[in-house]
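Single-structure report; data block below.
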Amino acid sequence: MGELRQAYTRCPVCRYVFRAPSPRPYVTIGRESDLCPKFPGRVSDAARLITNELTMCPACAFATAGTFEDLDLTFDERHDIEERLKEDGLLRVFRTSPPPWLAFHSAEVCGKDRGLRARDLGDLCLRASWVCRKEREHPFESTFQLRAIRYFIRALEEDGLVGRELSVTAYLIGELNRRLGNHREALNWFVNAERTIEEEGLAWLERLISQQSKLAKEQAA
Ligand SMILES: [Zn+2]
């Protein structure tokens, strides 16, 4: 869990220059059943490590996965994003003392404008739900799980997912539904996920599906 390297970065939307921690690979000790990484050490560090995968401008709240490097926005995109950020309700409420999950919400808002795939928008919401869980923000955790499910279902319809990405996405829809208490829905998605597995090397996912199906069945009873 090395110390953070900081570098100056310029916001591609408002041009503000600030010091941003650069994302670093982290050490994990396995994953939870919704693929949330488990870290050695303190839980508060865990939320910070997940959040460090994003960069958010402290001036206008523009956010993205990774860094601002190589981000080239057109004049129109910048304008649209600026407007969208100003109008967003959650950003308005939480901007002055931003909770750790806010960067993910902002990256989702900006990602919609930048035409990110539904799968990637869903991933931002999934990660936001992990941060909320680490921070014990349960109502927000559920909100983001629900949003992740919606994006993942849209991804199955629109993104042309194949192979591992398809199977993992279908599984996650099941697991997030299970966590939200929709056990029958979860069971259907676990069956769907299992049907999509064709390639080698997904034994871990097959194990996870059968384990979580068993759990959902018990909970549905
Ligand atoms: Zn900015």
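Values quoted throughout were computed directly from the atomic coordinates according to the rules given, and no laboratory measurement underlies them. Owing to the predicted nature of the structure, the values given are computational and were not obtained by experimental measurement. In this analysis, Cβ positions are derived from the backbone assuming ideal geometry, glycine residues included, and neighbour counts consider all displayed protein chains.
Numbers for the structure displayed
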read-out: Residue among L102, L90, L124 that is within 16 Å of the ligand (Cβ to nearest atom), within 26 Å of R154 (Cα to Cα) and aliphatic (A, V, I, L, M); value: L102
read-out: Residues (surrounded by fewer than 16 Cβ atoms within 10 Å (Cβ to Cβ) and in a helix (DSSP H, G or I)) located in the range 32-61; value: V43, S44, D45
read-out: Residue within the range 44-59 that is touching a residue at least 24 places away in the same chain (Cβ under 8 Å), within 16 Å of the ligand (Cβ to nearest atom) and in contact with an Asp or Glu (Cβ under 8 Å, 6 or more places away or on another chain) present; value: no
read-out: Subset of the range 125-176 [under 22 Å from L91 (Cα atoms), touching a helix residue (DSSP H, G or I) at 6+ places or on another chain (Cβ under 6 Å) and of a type in the set (S, T, N, Q)]; value: S129, Q145
read-out: Filtered residues of the range 62-76 (kept if under 24 Å from Y26 (Cα atoms) and surrounded by fewer than 13 Cβ atoms within 10 Å (Cβ to Cβ)); value: E69, D70
read-out: Residue in the range 29-40 that is of a type in the set (D, E, K, R), under 15 Å from S106 (Cβ atoms) and more than 16 Å from the ligand (Cβ to nearest atom) present; value: no
read-out: Residue check for R133: buried (at least 16 other Cβ atoms within 10 Å of the Cβ), in contact (Cβ under 8 Å) with a residue 12 or more places away in the chain, closer than 20 Å to E32 by Cα and charged (D, E, K, R); value: yes
